[in-house]
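Working notes for the structure below.
The values are calculated or read from the model by the stated rules, or taken from the named source; none is laboratory data. What you see is a predicted model; the values in this text were computed from it and never measured. No Cβ is skipped: glycine too gets one built from the backbone with ideal geometry, and neighbour counts run over all protein chains shown.
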Amino acid sequence: MTSSDLIRRTAAELADLLTAGEVSSRELTEAHLERVSAVDERIHAYLHVDAEGALAAAADVDRRRAAGESLPAAAGVPIAVKDVLTTKGLPTTCGSRILEGWIPPYDATVVRRLKEAGLPILGKTNMDEFAMGSSTEHSAYGPTRNPWDLERIPGGSGGGSAAAVGSFQAPWAIGTDTGGSIRQPAAVTGTVGTKPTYGGVSRYGLVALASSLDQAGPCTRTVLDAALLHEIIGGHDPMDSTSIADPLPPVVEAARRADVSGMRIGIVRELTGEGFQAGVQQRFDEAVAHLVDAGAEVVEVSCPSFTYALATYYLILPSEASSNLAKFDAMRYGMRVWPEGAPDASAEQVMAATRDAGFGDEVKRRIILGTYALSSGYYDAYYGSAQKVRRLIANEFAAAFTRADVLISPTAPTTAFRFGDKLDDPMAMYLNDIATIPANLAGLPGISVPSGLAPEDGLPTGFQVLAPAMADDRLYAVGAALEARLLAEWAAPLLDGAPDVTSLPMPAAATKEDAR
Amino acid sequence: MSDPTRDSLTRDDVAHLASLARIDLSEAELDHLAGELAVILESVATVSSAPIEDVEPMSHPMPLVNVTRPDEVRPSLSPDQALAMAPDAEEQRFSVPRILAED
């Protein structure tokens with residue numbers, strides 16, 4: 001088997017090949033590292049590649065397998081990790097200058113579980129700074145490019161993880177989703193991404209953006225792979241006080257059964273139609289028809305408060321972020337910048353100079369907004385009101401789930417847009433997450449699966465499924481059923497239709513240090 | 001800044017907020033941000049027009065309960081590990097700029 005065959009296999013297939021002894025983890029890891037060397041100059045999915053560490057981990061798995069040790073099912077399948085999760089001994093920058101060169105002294109629980117499952121870590125993936133953005137254009141280290149069109153965004157904030165998986169630079173990857181940062185990149189790159197139930201995956205070692213919204217999850221090319229990875233990283237963790245103690249729902253079994261017969265799927269009126277690109281809506285409608293054909297029943301639900309979700313989110317998130325990011329104070333770790341011509345500057349002055357030099361525009365924007373929303377005299381009108389709308393949104397979800405087993409919508413309102421299109425219009429950028437944000441506010445799980453290519457531009461579209469808390473298995477049942485029907489219709493995976501990245505001309509500014 | 005739902009942020013307001021947030025913004029950044037934040041604020045202020053009278057605020061997706069663990073010693077970072085990434089360290093401590101004024 002050639003290395004170009006290997007990298008196009010699903011993680012589940014690779015796990016089987018490893019178990020059968022048909023391939024070694026070293027071969028697999030080398031194949032992916034070769035691919036990174038061949039294409040990442042164009043894509044820029046990785047901020048840091050750890051060839052040495054990945055090969056050492058692969059050799060260890062191979063040695064243990066050869067010794068007859070009983071190993072976890074996916075042991076030896078390499079993985080990429082978003083640069084917002086701490087990795088002991090490996091740089092963790094969160095896409096920010098303020099953490100340039102920071103090497104954490106500990107592993108996030110998610111990372112520890114990957115290591116315990118024997119997954120070699122290929123490297124850390126690019127992202128919008130501190131996960132604030134929908135395009136990776138806010139990374140301090142330059143944007144990631146969409147494998148379908150190098151002039152377009154790969155989504156964000158986890159554009160690096162989605163593009164790595166979509167350009168076969170990793171079989172699967174870890175992302176994090178605060179308002180859509182796993183699902184929206186999945187939609188615009190033709191890949192799969194799951195945001196698990198809040199509390200379903202540990203946040204220990206996840207550098208917090210908004211603690212009540214953040215959740216790590218899988219980025220993959222198939223629904224089954226997402227379920228397999230979900231099972232590896234999920235479950236209770238005493239190191240996270242918001243971690244749910246109940247056992248994970250049977251996600252892998254649901255993905256394998258792919259059964260939607262008798263399931264009631266609810267179309268959210270507020271998340272379709274107006275504001276959604278024609279081709280996105282068309283592929284969504286076709287996907288619904290597939291699910292009906294597979295035995296599901298369609299109901300329409302209305303959640304009127306969802307029209308306030310974006311405003312609610314952009315008060316709650318900046319408020320929490322302004323508090324969480326206060327720890328970047330230039331005292332214990334990270335960058336320290338002295339104000340110019342002030343060798344006797346105070347700690348406060350050094351902190352302010354450091355944060356000016358170390359944070360990018362979007363981070364500053366949101367910290368200032370959050371500081372305002374939390375300030376005395378404005379708290380009730382802004383943060384207080386947002387918390388009340390958050391309750392309304394959660395209540396409307398609860399009511400909708402009495403009529404439907406899952407809710408569905410397009411994942412993102414448009415296909416991938418061009419770099420720079422929305423960079424100077426923050427509100428236009430924020431609208432990308434209009435359909436994904438409600439689930440984060442309510443703590444519910446969601447998945448995005450590819451629904452095809454928009455006829456007008458030939459770019460991927462995403463189909464979103466949302467479920468009640470701790471009913472993550474339903475996401476996989478619906479996702480896998482849709483995936484199977486679409487695969488039968490297309491006769492090949494969607495990504496087979498993506499251009500050969502190595503044949504594309506090098507984009508004008510695709511080098512790693514071109515951002516600023 | 002009397003009616004938070006209607007008036008917008010001035011450049012001076014942004015400068016004050018930046019000092020509260022300990023970010024030393026340049027003059028150009030202040031000009032730019034004041035305009036952008038006004039647009040964003042106008043949009044997010046719509047939350048106060050939602051039907052939220054008598055609605056209980058929600059801070060978190062699930063009820064928060066305090067979590068405790070047995071009071072047992074467990075491994076933690078060594079001083080060297082904790083200080084390894086410090087901008088400056090001295091005598092097994094973080095070395096920081098002066099906290100108080102000279103006078």
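Below, the figures for the structure above:
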read-out	value
Of all residues in segment A:216-272 being part of a loop (DSSP other than H, G, I, E, B) and of a type in the set (Gly, Ala, Ser), the one that is farthest from the other protein chains (Cβ to nearest Cβ)	A:Ser261
Residues satisfying the stated conditions in segment A:460-479, i.e. more than 19 Å from the chain's Cα centre (by Cα) and either of a type in the set (S, T, N, Q) or buried (at least 24 other Cβ atoms within 10 Å of the Cβ) (or both)	A:Ala477, A:Val478
Members of segment A:108-125 found to be under 22 Å from A:Lys195 (Cβ atoms) and charged (D, E, K, R), listed by number	A:Arg112, A:Arg113, A:Lys124
Residue identified as farther than 16 Å from A:Gly190 by Cα, within 14 Å of chain B (Cβ to nearest Cβ) and crowded, with 22+ Cβ neighbours inside 10 Å among A:Ile434, A:Ile408	A:Ile434
Selected residue [acidic (Asp, Glu) and farther than 28 Å from A:Gln387 by Cα] from B:Glu56, B:Glu29, B:Glu42	B:Glu29
Among the residues listed as A:Ser25, A:Ser3, the single one being more than 23 Å from A:Val111 (Cβ to Cβ) and among the hydroxyl-bearing types (Ser, Thr, Tyr)	A:Ser3
From B:Ser59, B:Ser48, residue being outside any loop (DSSP other than H, G, I, E, B), within 7 Å of another protein chain (Cβ to nearest Cβ), within 28 Å of the chain's Cα centre (by Cα) and of a type in the set (Ser, Thr, Tyr)	B:Ser48
Residue within segment B:13-22 that is modelled with pLDDT under 95, facing chain A (nearest Cβ under 7 Å) and more than 15 Å from A:Tyr308 (Cα to Cα) present	no
Top-ranked residue of segment A:345-377 - restricted to ones that are of a type in the set (D, E, K, R), more than 7 Å from every other protein chain (Cβ to nearest Cβ) and surrounded by fewer than 24 Cβ atoms within 10 Å (Cβ to Cβ), ranked as nearest to B:His32 (Cα to Cα)	A:Asp361
Qualifying residues in segment A:91-111 (those that are outside any loop (DSSP other than H, G, I, E, B) and more than 14 Å from chain B (Cβ to nearest Cβ)) - the one nearest to A:Ala58 (Cα to Cα)	A:Val111
Pick from segment A:281-337, criterion more than 8 Å from every other protein chain (Cβ to nearest Cβ), touching a helix residue (DSSP H, G or I) at 6+ places or on another chain (Cβ under 6 Å) and assigned to a loop (DSSP other than H, G, I, E, B), ranking: surrounded by the most Cβ atoms within 10 Å (Cβ to Cβ)	A:Phe328
Considering residues of segment B:26-42 that are facing chain A (nearest Cβ under 8 Å) and in contact with a Leu (Cβ under 8 Å, 6 or more places away or on another chain) only, the residue farthest from A:Pro238 (Cα to Cα)	B:Leu33
Test: B:Ala50 is loosely packed, with under 14 Cβ neighbours inside 10 Å and of a type in the set (Gly, Ala, Ser)	no
Candidates A:Ala170, A:Ala164, A:Ala186 - the one that is crowded, with 24+ Cβ neighbours inside 10 Å and in contact with a Lys or Arg (Cβ under 9 Å, 6 or more places away or on another chain)	A:Ala170
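For every residue, the table says whether it meets (1) at pLDDT 95 or above; (2) among the aliphatic types (A, V, I, L, M); (3) assigned to a helix (DSSP H, G or I).
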position: A:Asp457; (1), (2), (3): yes, no, no
position: A:Gly462; (1), (2), (3): yes, no, no
position: A:Ala469; (1), (2), (3): yes, yes, no
position: A:Ala492; (1), (2), (3): yes, yes, no
position: A:Asp496; (1), (2), (3): yes, no, yes
position: A:Glu513; (1), (2), (3): no, no, no
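To keep it simple, each residue is scored yes or no on (1) farther than 21 Å from A:Glu231 by Cβ; (2) surrounded by fewer than 24 Cβ atoms within 10 Å (Cβ to Cβ).
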{"site": "A:Ala59", "(1), (2)": "yes, yes"}
{"site": "A:Ala73", "(1), (2)": "no, yes"}
{"site": "A:Ile79", "(1), (2)": "no, no"}
{"site": "A:Val84", "(1), (2)": "yes, no"}
{"site": "A:Pro91", "(1), (2)": "yes, yes"}
{"site": "A:Ile98", "(1), (2)": "yes, no"}
{"site": "A:Pro104", "(1), (2)": "yes, yes"}
{"site": "A:Met127", "(1), (2)": "yes, no"}
{"site": "A:Phe130", "(1), (2)": "yes, no"}
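Listed here are the residues, each with its yes/no results for (1) touching a residue at least 40 places away in the same chain (Cβ under 8 Å); (2) under 18 Å from A:Gly446 (Cβ atoms); (3) crowded, with 22+ Cβ neighbours inside 10 Å.
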residue: A:Tyr379; (1), (2), (3): no, no, no
residue: A:Val389; (1), (2), (3): yes, no, yes
residue: A:Thr402; (1), (2), (3): no, no, no
residue: A:Lys422; (1), (2), (3): yes, no, no
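Quick grid of which residues meet (1) at the interface with chain A (Cβ under 10 Å from one of its Cβ atoms); (2) in contact with a Ser or Thr (Cβ under 9 Å, 6 or more places away or on another chain); (3) in a loop (DSSP other than H, G, I, E, B); (4) surrounded by 13 or more Cβ atoms within 10 Å (Cβ to Cβ):
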{"site": "B:Pro63", "(1), (2), (3), (4)": "no, no, yes, no"}
{"site": "B:Asn66", "(1), (2), (3), (4)": "yes, yes, yes, no"}
{"site": "B:Pro70", "(1), (2), (3), (4)": "no, no, yes, no"}
{"site": "B:Arg74", "(1), (2), (3), (4)": "no, no, yes, no"}
{"site": "B:Ala82", "(1), (2), (3), (4)": "yes, yes, no, yes"}
{"site": "B:Pro87", "(1), (2), (3), (4)": "yes, yes, yes, yes"}
{"site": "B:Ala101", "(1), (2), (3), (4)": "yes, yes, yes, no"}
